[in-house]
């Protein structure tokens, strides 16, 4: 990670409010954030502190009430819906706690979908989907429907889908929230390999073991950053030990 | 008892929670039931006007004509048979025989065949036409039958020509002795010069006997009409049958008043011929509507069913609530449809200008009430049964988790759609997820297109008929105008119902596709692509339905017409119909699709997980 380089993602004075007057809720309240290329950033905090809202704002899924967000230098907060969608398609990959896979599509078809939306040929999309499924260790599950996969396998398909269009940044919202310990370990290893490959990651999590694998950890409370800790980073090969998981 | 109360309470609360949807469903079923009621109650409604006309004109019980008796010897034979008929047992009075000439009438540029009956200025004891306007026959004046005059646009004071001779129109009258216009030739027959094709739209005029004689020629001789009054009018058919000459070529020369009364019902019978199949088509549309709404509600109501079951509701209870909601709507719609059909019947059963008086409200018999109610309940029951059974069967946990209705998968469609542009890819995949809704939607569009095509064929047939008749087209047939009006109303009702169906289907698809839409938007589909996908998902069944409607409309017209002339609408009519259906669907889809697209992706994804 190089601190002097231009950040991939930059937010300044970011706010998201719901309601008004006495019922005003400050879900995100004046956040400044820089995420450098190749960095893995973990955001922690109690339920309802605004972590997921922040992630949605950073990925262009939701619009801020105030402040600015730049992704690769482009202002997200000033983009129209269509431009935002195109940006999400090409530059952002999402991983959700609830996986959000298409139930009627196989693992491979789910991974192909962003590429087909991006106009890639079915053949090229299928080839890349197979490569990505191999990368996440699911070569033999390519033709399985999500219902036939375990939670961990579904989340790995979701990660493969997030990587489909080679995004600048992957935003993961509680990626291990629905997983058991074994599946969590699998995910840790996957994120580790992504980190090693230079993929920029922002992971929102409750789980201190996941946060411990990041380069930087930010704690949130009541919509604002409460604390920021620079972790070891680059601890390849010892993630599971650090996280206290059996491996 | 408690359970019935609970079902009633849950059903009524749910209906009140969705007033727009409930009202639309009510309208859809009511329209179908009103049309069915109309089709059922029209039978025999013109008998009263005919009876009123019969009384006002001292109408005959039997009419004898000499049409078909050609040649001198035959005419002598007809005269002899008329004398015998006038003296036959049971005959208490008669008028005539009156000479009838068959000239060509021209009025205001329209040429029509006419039946010119020669009458005395004095009042006849049997069949004295009721003068509605002007005066009865005298001098060189012509009195025209009211419906014939209306079809030609002729009024008292105008002039017409009979075989080229100019006559003033001095009166307008009605009679019960000759079938209503344009059925004049269908009982008793018509005549004309040899070699000239006979028009079926011959109209009646009255002239003096001297004028009638002057209009005859050796090539177009007079025929004679004799009006008989019997001591027992009810026995008129038996009398006519008894005195009918042996079967031979030409029409039967004796006509009982009951046959003339039936002829008066022809206009209404034509309308009935259209209304009955239309009501069944509308009922099919109603089935599609209710099925889509019930299915769509299931998608919305999974959690409600889960909660009901979790709170101790049995599977039959969950099914009963859904069934009860639609059965209540069906019963209310049956009542409203019966009332609407009964009230609308007089509008369709105007006896036409050939008769005086107006029809009474048609009889609403118990069998009709039971039939309409049963059809309404069947419509609602059949279309709600599948979702109701599904509600009963789904697992409580799955319903609460919102995973009770996994979308369908069609491997080949998914593979095929990958090769298509993004909107079509999304549209096809949406279609694939709900094949039952796709079939219902296709059926709805097919029914609508079938009706429109049948109507287009009807108009093409009228045009073809007019073209073939050329200068002998005659006066416009009032039956055609009335059937056209009925068809127009049915088509409008059907289009409204199909539009309601399209809105139901799109709305249900938008609701079902919320998660699908949120995910594809999260991974980069633009709102426009998603919108185009939803439109494509609706256009696909619309296109298939419109195309299937063409042969189906041909078959429907052939079945209703039961033989006879069958015109072909120009290709551009059919193409315009397909284009209009697709355009309408696009517009109707736009509203729910846009509203669905406004919900932020993050909100839907959060809600999905919550």
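Only the coordinates and a few stated rules stand behind these numbers; no lab work does. Predicted model only: the values in this text are computed from it and were never measured. Neighbour counts are summed over all protein chains in view; Cβ atoms, including those assigned to glycine, are modelled from backbone coordinates with ideal geometry.
A few notes on this one:
- Neighbour counts of C-beta atoms inside 10 Å place B:544, A:203, A:218 in the sequence B:544, A:218, A:203, starting with the fewest.
- Segment B:408-610, relative contact order [Cα under 8 Å, separation at least 6], %: 38
- Ascending count of other beta-carbon atoms within 10 Å, so fewest first, for B:293, B:510: B:510, B:293
- Cα gyration tensor, segment A:68-194 - rounded (a/c under 1.5), prolate or oblate: oblate
- Kirkwood hydrodynamic radius computed over segment B:497-596 comes to 15.4 Å, based on all pairs of distinct alpha carbons.
- For segment B:81-104, the residues whose amide N sits under 11 Å from a probe point set 7 Å from the Cα of residue B:235 along the beta carbon direction are B:89-92.
- Square roots of 5 times each gyration tensor eigenvalue, C-alpha, chain A, largest first, Å: 28, 22, 17
- Chain A: relative contact order in percent, alpha carbon pairs under 8 Å with at least 6 residues between: 25
- Rounded, prolate or oblate (a/c below 1.5 giving rounded, otherwise prolate when a/b exceeds b/c) for segment B:408-610 by Cα gyration tensor: prolate
- By the count of other C-beta atoms within 10 Å, a proxy for reagent exposure, A:20, A:51, B:415 are ordered fewest to most as A:20, B:415, A:51.
- Computed over segment A:1-146, relative contact order equals 19 percent, with contacts defined as Cα pairs under 8 Å that lie 6+ residues apart.
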